[in-house]
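Working notes for the structure below.
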Amino acid sequence: MTAVAVITDIHGNLAALEAALRRIDDLGIERVYCGGDLVGYGPHPSEVCARIAERAIPTIYGNYDYAIGRDLSDCGCAYVDQHDRELGQLSVDWTLAHTDAEAKAFMRGLPFDLRFDVGAAHVHLVHGSPRKVNEYLFEDKPPRLYERLARAEDAGTLVFGHTHKPWIHEYGGVLFVNCGSVGKPKDGDPRGGFAVLEPDGAGVAARIERFDYDVDAVAREVAASGLPAEYADKLVVAA
């Protein structure tokens, strides 16, 4: 099959990653790429890294991977208020302490971006944006931003994540595809998600595939792990 799956923002949620990979296998998709943020917020950072490495999935680093792989205490995340900032720092501290040396070394070796083809079309994969790993490309940002990014882009399809909110739109002849999040959605739908890209003439047709997994069980794991209990709640309501 010529389709490609792009997963991103797994965030230490091993059960969601395994469910995503099962769904991808069920769809008969053999090529998988990962847009980063393997760790953070979830209870299984080392196991997620090991699974990605075991499957030999081409992967780029997210802002969280960059920080944790280098033992940095700043994940480059944006926070709404001081409460969220304090919660975020607890997550960083926990993840630094619970990610093994092998996983950190794996993340240090990841590139900023990847380029690949879907049929005859060129695809550019980044985490946040082509400009910065932690730039948030939300769907409701002004069209002129995306038109400016399109003018600078040499691929016909730009694929990214980071916001945990999926969307697909064409600007300036470039198809923008936000994959959403495998392990920590924020669009009100607690199911995990990933992007599927298929050849469409000289271009790409993209869709977001959603999948079920045992969100409640992972939320209980988060609550029992020592991570902030609010992260368990956010998994269930996908906030």
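For Gln82 and Asp117, calculate 0.36 nm times their separation in residues minus their Cα-Cα distance, and state this gained length in nm to one decimal. Walk me through the numbers before you get to the answer.
Details: separation 35, 0.36 × 35 = 12.60 nm, distance 4.24 nm.
Additional length available on full extension: 8.4 nm.
Could you provide, to the nearest whole Å², the per residue accessible area of the chain with probe 1.4 Å?
Details: 9990 Å² over 239 residues.
Value returned for the chain: 42 Å² of accessible area per residue.
List the lysines whose Cα lies under 27 Å from the Cα of Lys104, skipping any in the same chain that are fewer than 8 positions away.
Leaving aside lysines fewer than 8 places away in the same chain, those within reach of Lys104 are Lys132, Lys165, Lys184, Lys186, Lys234.
State whether segment 57-119 is rounded, prolate or oblate according to the following rule on the C-alpha gyration tensor (a ≥ b ≥ c being the square roots of its eigenvalues): a/c under 1.5 gives rounded; otherwise a/b larger than b/c gives prolate, and the remaining case gives oblate. Display every interim value, and only then the final one.
Values: a/c = 3.24, a/b = 1.56, b/c = 2.08.
Judged from the Cα gyration tensor, segment 57-119 comes out oblate (a/c at least 1.5, b/c at or above a/b).
Could you list the residues of segment 126-151 with an amide nitrogen less than 18 Å from a label point located 7 Å from the Cα of Arg55 in the Cα-to-C-beta direction?
Only 126-127 fall inside the zone, counting backbone N under 18 Å.
Contact order normalised by length for segment 123-224, with contacts defined as Cα pairs under 8 Å and 6 or more residues apart; what percent is it?
On the way: 177 pairs, mean separation 19.1, N = 102.
Computed value for segment 123-224: 19 percent relative contact order.
For Lys141, which aspartates and glutamates qualify as cross-link partners when the Cα separation must be under 15 Å and same-chain residues fewer than eight apart are set aside?
Glu170
Please give the residues of segment 98-133, grouped as numeric ranges, whose backbone N is less than 16 Å from a label point set 7 Å along the Cα-to-Cβ vector of Glu198.
118-121
Roughly how many debye, to the nearest 20, is the charge dipole of segment 121-239 about its Cα centre, given +1 on each Lys and Arg Cβ, -1 on each Asp and Glu Cβ, and no other charges?
Values: 14 positive and 18 negative charges, 83 e Å.
The calculated dipole for segment 121-239 is roughly 400 debye.
How high is the FRET efficiency between Thr2 and Asp233 when r is their beta carbon distance and R₀ equals 41 Å, given to the nearest 0.05? Could you put the intermediate results ahead of the total?
On the way: r = 40 Å, r/R0 = 0.98.
After rounding, the FRET efficiency stands at 0.55.
Can you list residues from other chains, or at least 5 along the same chain, whose modelled amide H is less than 5 Å from the amide H of Phe176?
Leu158, His169, Glu170, Tyr171
The values are calculated or read from the model by the stated rules, or taken from the named source; none is laboratory data. What you see is a predicted model, and the numbers here were worked out from it, not measured in a lab. Cβ sites come from the backbone with ideal geometry, for glycine too, and all protein chains shown count toward neighbours. Quick note on the areas: whole protein, heavy atoms, side chains included, nothing else; ligands and nucleic acids left out. Shrake-Rupley method; radii C 1.70, N 1.55, O 1.52, S 1.80 Å.
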